[in-house]
Amino acid sequence: MLKKAGVAILGLGVVGGGTYEILTKNKEYFKKTQGVDITVQAVLEKNKERALSLGIEESKIASSIEEVCSNPEVDIVVEVIGGTGVAKTFVKTALMSGKTVVTSNKELFAKHWPELEAEAKKMNAGLFFEASCVGGVPIIRTLIDGMQANKILSIKGIINGTTNYILTKMAYEGWSYEEALKEAQRLGYAEFDPTADVEGFDATYKLSILSSLAFNKKICIENVYREGITAITKEDIAQGKEMGYTLKLLGIGKDTEKGVEVRVHPTFIKNDNPLASVNDSFNAVHLVGDAVGEIMLYGRGAGALPTGSAIVSDIIFAAKHNEYFYASFKNNAQGNKETKFVKDFTSKYYIRLTVKDMAGVLAKIATTFAKNNISIAEVKQVGGSDNSAQIVVNTHVCAEGAVKKTLDKLSTLPEMIKVNSVIRIED
Ligand code: HSE
């Protein structure tokens, strides 16, 4: 029997518009293939002209969240406003009215998931968030519905398209960070204030959500180590290329016997790593499960139709199923106190230094690394002027804390001019 569902869309920006387009264009197709008849019954959008230009009838343009939530024709409320201000109020109001919520809001979810989940459970409402992570790539459902047979050992991903676009242009066009950012802004990938993307906040929100699902433990954003790409130079990308590495902003989650490791930072990966060929604004997530081994999902992490695709898949799921999924772990704001986190993680490192070009400097540098128990894999002089030299030191696997101590010590040497860059290398 055909199931009917009424939808309200809060916010008709890029993603809201894409969602509306898919729901209207494929309405008959969903009836045939999914057995659901989905109708947009209301929208909440300040810009009335925008709603009308999409072909939405004036009678469906609501003037308040209360009007949306008291509409008996609305079963599912889609929040695509973003942020944690009005979006949070609207989502809570919808849940408190017993409406199922579908959201693309990673910041809201990463910061307030437990509170929203508690409200949804109380009201027996659904709460869906496929679009919150990696746009059109169905990673949430893969983790929930496709990987249950596995203990997931690691999750590594290019989970921010803006930074991937910038790094790709720096690598392939030789652009500076500033040039690449400007073009990303012109194309609409990066915001006027690009902080959330380039400083790694967006990726941190997504990694917090994804690693919580992957490892069945609440991973709060405070547990995620974060470093953005603003200090990356084309010199480092070019150096990496010569050594056979590609630079990516990775979200990395590992669940090991020592504990959970979650971090977002620029990372050199070998050129033959499948993530190395994920370019431009594309996203990809690589998972390792103890049964399935490696799998990788690839696709568009943003945009009207890709993100709309994830939202509509949640709407269809909600319309078809009476039972809802909630986190399988104790989902509280502080996480589980028993969960151990590896703060002093280990990695290989690429370190570029500018030093005075004089006898004995290399020996001093090597001794400082050795004293901190760091084994050097390779040292190269990569340039310099009459008085200074640029040195690249690549290490074997060592502890993050030992690298910090080494750099502190190196900074006190009279021959040291600058620590230019420190980039982790992930095998
Ligand atoms: N701004 C994000 C990105 C998309 O560049 O991937 C939404 O999270």
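Some points to look at:
- The chain - percent of accessible surface contributed by carbon and sulfur, probe 1.4 Å: 51
- Gain on full stretching of the segment that runs from Ser63 to Val382 - 0.36 nm per residue minus C-alpha separation: 108.6 nm
- FRET E, pair Lys241, Leu362, Förster distance 35 Å, beta-carbon r, rounded to 0.05: 0.90
- Solvent-accessible surface of the range 302-427, averaged per residue with a 1.4 angstrom probe and all protein chains in place: 52 square angstrom.
- Relative to the compact-globule estimate of 2.2 N^0.38 Å, the Cα radius of gyration of the range 161-306 comes out at 1.05.
- All other residues whose Cβ lies under 11 angstrom from that of Arg141 are scored, Lys and Arg at +1 and Asp and Glu at -1, for a net of -3.
- DSSP beta bridges fully contained in the chain are about 70 percent antiparallel.
- Angle in degrees between helix 86-96 and the longest Cα principal axis of the chain, rounded to the nearest 10: 50
- For the range 38-48, 3J(HN,Hα) per residue [Karplus equation, 6.51 cos²θ - 1.76 cosθ + 1.60, θ = phi - 60°, Hz, x = Gly/Pro]: 9, 10, 7, 9, 7, 9, 10, 8, 5, 8, 4
- Convex hull volume per residue for the chain, taking Cα atoms only, in Å³: 150
- For the range 70-216, averaging the sequence separation of C-alpha pairs within contact (under 8 Å, six or more residues apart) and dividing by the residue count gives a relative contact order of 22 percent.
- Using the Karplus relation 6.51 cos²θ - 1.76 cosθ + 1.60 with θ = phi - 60°, the per-residue 3J(HN,Hα) values for the range 237-245 come to 4, 5, 4, x, 4, 4, 8, x, 10 Hz, with x marking Gly and Pro.
- Helix 361-371 axis versus longest C-alpha principal axis of the chain: approximately 60°, rounded to the nearest ten.
- Solvent-accessible surface (1.4 Å probe) assigned to Asp290 amounts to roughly 90 Å².
- Percentage relative contact order, the range 281-359, counting C-alpha pairs under 8 Å, at least six apart: 15
- Å² per residue, accessible surface of the range 166-226 at 1.4 Å: 45
- Based on Cα contacts under 8 Å between residues 6+ apart, the range 169-317 shows a relative contact order of 17 percent.
The values are calculated or read from the model by the stated rules, or taken from the named source; none is laboratory data. Because the structure is a prediction, the values reported are computed rather than measured. Note that each Cβ is placed from the backbone with ideal geometry, even for glycine, and that neighbours are counted across all protein chains shown. Please note that ligands, DNA and RNA were not included when accessible areas were found on the heavy atoms of the full protein model with its side chains. Shrake-Rupley method; radii C 1.70, N 1.55, O 1.52, S 1.80 Å.
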